[in-house]
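Each reported figure results from applying straightforward, stated rules to the coordinates on display, with no laboratory input. What you see is a predicted model, and the numbers here were worked out from it, not measured in a lab. Cβ placement follows ideal geometry from the backbone for every residue including glycine, while neighbour counts extend to all protein chains displayed.
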Amino acid sequence: MFRSIRRAVFTTCLLVAAQAAQVAQANVVVVLNSRDATVQLLDQLTYKSLQTFPVGKEPHHLMATPDNKSLIVASSIGNELVFLDPKSGQVQRHIKDILDPYQIGFTPDQKYFVATSLRLDRVDLYKYNGRDFTLARRLPMARLPSHIAFDAKSTTAFITRQGSDQVSAIDLATQTIKWTMPVGRLPAGIAMTPDDKYLLVGIMGSDYVEVIDWRTQKTVKRIRTGAGAHNFRAQGDNRFTYVSNRVANSINIIDQKTLQNVGQINVPGGPDCMEITADGKTMWVTLRWIKKVAVIDLATRKVTKMIPVGRSPHGVFFANSSART
């Protein structure tokens, strides 16, 4: 009997080790299932699910550390940051008591880490030394501070305020709000153009991207896209960026030089966060309403694969991705 037990334990250990090796060697796609409070790992080549494991409640957004040695998952209601290996997706460490981290970002000079607290109506600024985070300032910011962008010189952090239809600019040197301006209804994603001249804001309560001259705090243009304009992912060529339209079930292509809508991809199920392969040929996008991830051939602008995942998939990441400008 004892031999049978030892044999069963040994076999189980071999299976676990084999699964871990499979995950470590795969081209791993990391998907955050926000309603399930899980991370799901997919194989980029076979589209198969490799592993699913729990993280804190409502993981929404994720990003790599500046040295690309870790992938940070922001668990908003879990009040923590979970660090994963960006290639294998396995957990490295946890940082507790980071309250309500919804969207996160590092300044280009890597001196600050910024986290918006959508639920708590504030923005937290942390000093960053390459590993640890030290709280520098908490700024009240009603209502529903959401997404983040920075200028190239790391002087300013720009925050969309979904609940008050505004964009605010934080002076990072003084850690104070230096201006706030009105924009369209329910502003969500925000991105800086490669020339550092304009902010692009996805107007989720309507069907356009608002273009802001941030130095004069004036809206200079509205680029018509689709209903529920939400989030951005740059192509990586310093020219084009994509905006997901969660209500219209589409993704538009914006020329950041001419500020024109130059194309559309039809994607069902509420497209949200996007990731692009290093060769610029393929996009992966989470579909919030139908528990799937879509794979898109960018040359033909067609969905080629639909992969089942958990409830309300949000953030998506893989290590072999294109640049984010």
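Before moving on, here are some points about what is shown:
- Flag for L42 being under 16 Å from the mean Cα position of the chain (by Cα) and within 23 Å of A278 (Cβ to Cβ): no
- S164 vs. criteria polar (S, T, N, Q), without any contact (Cβ under 8 Å) to a residue 24 or more places away in the chain and assigned to a loop (DSSP other than H, G, I, E, B): yes
- Filtered residue count, region 96-125, keeping only those that are touching a residue at least 24 places away in the same chain (Cβ under 8 Å), farther than 22 Å from G202 by Cα and assigned to a strand (DSSP E or B): 3
- Those strands (runs of 3 or more DSSP E) of region 233-273 in which 2 or more residues are in contact with a Gly (Cβ under 9 Å, 6 or more places away or on another chain) occupy 240-245, 250-255.
- The set of residues from region 26-78 being touching a Lys or Arg at 6+ places or on another chain (Cβ under 8 Å) and among the basic types (K, R) comprises just one member, R35.
- From the options R131, R119, R137, residue that is surrounded by fewer than 21 Cβ atoms within 10 Å (Cβ to Cβ) and within 20 Å of the chain's Cα centre (by Cα): R119
- Count of residues meeting criterion [crowded, with 22+ Cβ neighbours inside 10 Å and in a strand (DSSP E or B)] in region 170-190: 5
- Selection from region 279-307 of residues that are under 18 Å from F317 (Cβ atoms), assigned to a strand (DSSP E or B) and not β-branched (V, I, T): M283, W284, L287, K292, A294, K305
- Within region 55-79, the set of residues being surrounded by fewer than 21 Cβ atoms within 10 Å (Cβ to Cβ), touching a residue at least 24 places away in the same chain (Cβ under 8 Å) and not small (G, A, S) comprises M63, T65, P66, D67, N68, I77.
- Within region 148-159, one or more residues are surrounded by 16 or more Cβ atoms within 10 Å (Cβ to Cβ), hydroxyl-bearing (S, T, Y), at positive phi and in contact with a Pro (Cβ under 7 Å, 6 or more places away or on another chain).
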